[in-house]
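Student: Have a look at this one.
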Amino acid sequence: QVQLVESGGGLVQSGGSLRLSCAASGITFSRYGMAWYRQAPGKQRELVASIGIGGSTNYALSLKNRFTISRDNAKNTVYLQMSNLEPEDTATYFCDANGPRGNYWGQGTQVIVSS
């Protein structure tokens with residue numbers, strides 16, 4: 001059974017930082033591209049950042065200077081370091097894995113940024 005479990009969300013003040021984690025099980029993690037998406041209330045889900053099996057990264061242009069995605073294949077975990085957070089970053093953040101057995105989503109972790 002494939003599981004992606006996000007953690008690290010919470011309430012933070014504007015200008016603060018958070019690190020999200022997504023622990024994967026049931027897949028050969030190193031063979032999967034990983035990504036973070038987010039969905040704000042009333043809005044569509046959008047790509048935040050992705051990281052390939054070789055470590056190449058891709059970011060939403062507006063977030064590139066504040067967010068950093070990384071992966072630790074030994075821990076089957078992908079991270080999203082978020083800094084200088086803004087109220088507009090308030091959303092549920094989802095982990096996504098895409099690879100040989102298909103595409104999988106986590107349940108999400110909520111991030112609330114207060115002004």
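Student: For segment 55-115, which strands (runs of 3 or more DSSP E) that fit wholly inside it have 2 or more residues that are of a type outside the set (G, A, S) and under 22 Å from V5 (Cβ atoms)? Even if it seems obvious, please write down each step before you answer.
Tutor: Values: elements: 57-59, 67-72, 77-82, 91-99, 102-105, 109-114.
So the answer is 67-72, 77-82, 91-99, 102-105, 109-114.
Student: Here's another thing I want to ask about it. How many residues are within 13 Å of T90 (Cβ to Cβ) and outside any strand (DSSP E or B) when one looks only at segment 27-46?
Tutor: Residues that pass the stated criteria total 4.
Student: Say we look at segment 1-23 and pick out the residues that are assigned to a loop (DSSP other than H, G, I, E, B) and under 29 Å from S115 (Cβ atoms); which of these is least open to solvent (accessible area, probe 1.4 Å)?
Tutor: Taking segment 1-23 first, the residues assigned to a loop (DSSP other than H, G, I, E, B) are 1-2, 8-9, 14-17.
In the following step, the residues that additionally are under 29 Å from S115 (Cβ atoms) were identified as 8-9, 14-17.
Working: G8: 36, G9: 33, S14: 65, G15: 43, G16: 18, S17: 65 Å².
In this case the residue turns out to be G16.
Student: Residues being open to solvent by 70 Å² or more (accessible area, probe 1.4 Å) and of a type in the set (V, I, T): count how many of those fall in segment 58-85.
Tutor: 1
Student: Could you tell me which residue of segment 24-46 is surrounded by the fewest Cβ atoms within 10 Å (Cβ to Cβ), considering only residues that are in contact with a Gly (Cβ under 9 Å, 6 or more places away or on another chain) and of a type in the set (A, V, I, L, M)?
Tutor: This residue is I27.
Student: Scan segment 39-54 and give yes if some residue there is under 15 Å from the mean Cα position of the chain (by Cα), modelled with pLDDT of 95 or more, farther than 29 Å from Q1 by Cβ and not small (G, A, S), otherwise no.
Tutor: Of all residues in segment 39-54, those under 15 Å from the mean Cα position of the chain (by Cα) come to 39-40, 45-52.
Still in the list and also modelled with pLDDT of 95 or more: 39-40, 45-52.
Filter once more, so that each one left must be farther than 29 Å from Q1 by Cβ: 40.
Add one more test, that the residue is not small (G, A, S), and what stays is none.
Looking through segment 39-54, none of the residues is under 15 Å from the mean Cα position of the chain (by Cα), modelled with pLDDT of 95 or more, farther than 29 Å from Q1 by Cβ and not small (G, A, S).
Student: Which of (1) open to solvent by less than 60 Å² (accessible area, probe 1.4 Å); (2) in contact with a Lys or Arg (Cβ under 8 Å, 6 or more places away or on another chain); (3) outside any loop (DSSP other than H, G, I, E, B) is the odd one out, the single condition A49 does not satisfy?
Tutor: (2)
The values are calculated or read from the model by the stated rules, or taken from the named source; none is laboratory data. Predicted model, so just to flag it, every value in this text is computed and none were measured. Glycine gets a Cβ as well: all are built from the backbone with ideal geometry, and neighbour counts include every protein chain shown. Note: accessible area is taken over every heavy atom of the protein model, side chains too, but ligands, DNA and RNA are not part of it. Shrake-Rupley method; radii C 1.70, N 1.55, O 1.52, S 1.80 Å.
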